[in-house]
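J.: Dumping the structure here so I can ask a few things about it.
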Amino acid sequence: MSTENFHCLGPISIEEFLADYWQKKPLFVKNAFPDLQSPITADELAGLACEDDINARLVLEKDGDYPWQAKNGPFDESLFSELPETHWSLLISDMEKYLPETMSLVKPFRFLPDWRRDDLMISYAPEGGSVGPHVDDYDVFLIQLSGHRLWKISEHFCFDAIEGVDLRILKTFEAEQQWLCEPGDLLYLPPNVAHHGIAQRLQDAEGQEIDCMTASVGYRAPSLKTMTSDYVNFLNENNHAGKRFTDSAPVRPAHHAEISDDTIEQFIDDLKRGLTVEPAQVKRWLGQYCSDNKAFDEFISNNGDCDFDTLCKIAEQSSLQQSPFSQFLFSKLDQGALLFVNGRSYDVSLPFATTVCDDEILDFKKLQQIMHSDEKNILLSLFNDGAIITGD
């Protein structure tokens, strides 16, 4: 099914969801994704988990070296034939980057800003498989892709966790609500709601086991401490780089060990000049911060050093599209926009920024009609750097 332009919240409007549910309370939507077919099979998921540089985890509730053992990939293919029949889970994060077609599961949630989205995780579990009762600091939309999973939640619980295990699993958990999720069902959970998803046994008409697979679209809740630290570093690089303290009006100190009030005042003046919250600086920093993709630098391949005429010929033969490992964002300016890609910012026109960010596949014909010479160079640079790639 096409999932790009449809309403996945059932009887709840987007406005009602944002006002009454987002970051406030859970929401279960029956058959939110009608006729949904999983974009990946369990065997394909296991195959990905054996590849280098894939963010894969295996959680063994039982039969590991100790309870709730978590192992990180890549895994040897033989491992999967040695696993117990029940009570384990395989999870792969960043699926929308490794398998771009899974973006069909993400696009229906674009009533939320892209910069808040963290990643798409897809998990497989046999009967009883789970990652234990736990609580997250971020928002998550859980989509059942195949099979059945029983979700239990609690909004009033003790945060104490089991000691000596690899995961943060709640020591005590009593469900206040529960839903049996079938393919196409959606469960939204805001931060700090304890939840426990357990794979259920299900067979088809021929008696074959039906794989329990669940997609998780997570939305980041950045640490303000981390963001503040990054912003201060940004200001230091842009406002304080190369500058040193100098005495503005040197006088003989009353005592050689004293830091005088005049010195303090001078430092305060330097801090005020350098550590600002001027909106234009915050805007540029935030866009660069949110579009940063350093964790995926190794996946972005340089396309060479072609010129714009060559790029046009390439675009005629094949579509141009955003690299799945790149993040494209923008902010409006009074006289244009700031385009943010992979932690860098570019001063461009608003039509150029919105067109480049509209969809993963670029509307090159439209871009040709609106680009000025500087924007042609920016587009060319993005292509040569690998942030824009050719389609199939």
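J.: Would you mind listing how long the stretch 100-199 runs along its three principal axes, going by Cα atoms, in whole Å with the largest first?
T.: Largest to smallest, the principal-axis extents are 38, 30, 26 Å.
J.: For the stretch 183-312, go through all pairs of different Cα atoms, get the mean of 1/r, take its inverse, and jot down that Kirkwood value in Å. Before the final figure, lay out each step's value.
T.: Values: mean 1/r = 0.0453 Å⁻¹.
When all Cα pairs of the stretch 183-312 are included, the Kirkwood radius is 22.1 Å.
J.: Name the residues whose placed amide hydrogens come within less than 5 Å of the amide hydrogen of Asp118, ignoring near sequence neighbours (fewer than 5 apart) on the same chain.
T.: For Asp118, whose amide H was placed from the backbone, the distant partners under 5 Å are Gly218, Tyr219, Arg220.
J.: At 20 °C and 1.002 mPa s, what whole-number value in µm²/s does Stokes-Einstein give for the translational diffusion of the stretch 301-354, with Rh from the Kirkwood sum over Cα pairs?
T.: Details: Rh = 12.9 Å.
Calculated translational D: 167 µm²/s.
J.: Additional query: Calculate one ³J(HN,Hα) per residue across the stretch 321-335 by plugging θ = phi - 60° into the Karplus curve 6.51 cos²θ - 1.76 cosθ + 1.60, and present them in order as whole Hz with x for glycine and proline.
T.: Once rounded to whole Hz, the list reads 8, 5, 5, x, 9, 10, 10, 10, 9, 8, 9, 6, 10, 4, 10.
J.: Any idea how far the Cα center of the stretch 291-355 sits from the one of the stretch 1-68, in Å?
T.: 28
J.: Show me 311-321, 178-188, 103-113 ranked by packing, highest mean number of other Cβ atoms within 10 Å first.
T.: Ranking the peptides 311-321, 178-188, 103-113 by packing returns 178-188, 103-113, 311-321.
J.: Still on this structure, I have one more. For the stretch 322-392, what value does the Rg/Rh ratio take when both radii are computed over Cα atoms and Rh is the Kirkwood radius, given to two decimals?
T.: Reported Rg/Rh (Cα atoms, Kirkwood Rh): 0.92.
J.: Pull up all non-local amide H partners of Ala194: gap of 5 or more, or a different chain, and H-to-H distance under 5 Å with H placed in the peptide plane.
T.: HN-HN under 5 Å from Ala194: Ser154.
J.: Sorted by mean Cβ packing within 10 Å, highest first, what order do the peptides 374-384, 119-129 take?
T.: 119-129, 374-384
J.: At 7 Å along the Cα-to-beta-carbon direction for both Ile314 and Leu224, put a label point, then send me their distance in nm to one decimal.
T.: For Ile314 paired with Leu224, the spin-label model returns 4.4 nm.
J.: Which GluC sites (Glu not before Pro) in the stretch 222-293 sit in a loop by DSSP (not H, G, I, E or B) and have at most 11 other Cβ atoms within 10 Å of their own Cβ?
T.: Loop-located and lightly packed - Glu258.
J.: Oh, and also: In whole Å, what are the Cα extents of the stretch 51-118 along the three principal axes, biggest one first?
T.: That gives 43, 23, 18 Å along the principal axes, largest extent first.
J.: Something else: I need the semi-axes of the equivalent ellipsoid of the stretch 1-84: take the C-alpha gyration tensor, multiply each eigenvalue by 5, square-root it, list largest first in whole angstrom.
T.: After diagonalising the Cα gyration tensor, the semi-axes are 36, 18, 12 Å.
J.: Over the chain, what is the relative contact order in percent, taking alpha-carbon pairs closer than 8 angstrom and at least six residues apart?
T.: Reported relative contact order: 14 percent.
J.: Turning to a different aspect of this structure: Shape verdict for the chain, please, from the Cα gyration tensor: rounded (a/c under 1.5), prolate (a/b greater than b/c) or oblate. Before the final figure, lay out each step's value.
T.: Numbers: a/c = 2.03, a/b = 1.36, b/c = 1.49.
The shape class here is oblate.
J.: Using only the Cα atoms of the stretch 172-236, what are the Rg and Dmax in Å?
T.: My reading of the Cα-based Rg and Dmax gives 19.6, 66 Å.
J.: So, one more: For the stretch 281-392, what does the relative contact order come out to in percent, with C-alpha contacts under 8 Å and a separation of six or more?
T.: 36
J.: A follow-up question, please. How high is the relative contact order of the stretch 69-177, in percent, with contacts defined as C-alpha pairs under 8 Å that are six or more residues apart?
T.: The value is 28 percent.
J.: Next up: Report the extension gain between Ile14 and Val165 in nm, rounded to one decimal, defined as 0.36 nm multiplied by the number of residues separating them, less their alpha carbon distance.
T.: Answer, rounded to one decimal: 50.4 nm.
J.: Still on this model: For the stretch 88-146, restrict the atom set to alpha-carbon positions and state the Rg and Dmax in Å.
T.: Rg and Dmax of the stretch 88-146, Cα atoms, are 12.6, 36 Å.
J.: Suppose R0 equals 51 Å; then what is the FRET efficiency for Asn236 and Asp35 from their Cβ-Cβ distance, rounded to the nearest 0.05?
T.: Plugging the Cβ-Cβ distance into 1/(1 + (r/R0)^6) gives 0.45.
J.: Please compute the per residue accessible area over the stretch 277-392 with all protein chains in place, 1.4 Å probe, rounded to a whole number of Å².
T.: Accessible area per residue, the stretch 277-392: 53 Å².
J.: Once you compute Rg and the Kirkwood Rh from C-alpha atoms, what is the Rg to Rh ratio for the stretch 245-392?
T.: 1.25
J.: A further question on this structure: Between Ala387 and residues 5 or more places away or on another chain, which pairs have amide H atoms under 5 Å apart, with H built 1.01 Å from N, and which residues are they?
T.: Distant-sequence amide H within range of Ala387: zero hits.
The values are calculated or read from the model by the stated rules, or taken from the named source; none is laboratory data. Because the structure is predicted, anything quoted here is derived from the model rather than measured. Cβ sites come from the backbone with ideal geometry, for glycine too, and all protein chains shown count toward neighbours. Heavy atoms of the whole protein, side chains included, go into the accessibility calculation; ligands, DNA and RNA do not. Shrake-Rupley method; radii C 1.70, N 1.55, O 1.52, S 1.80 Å.
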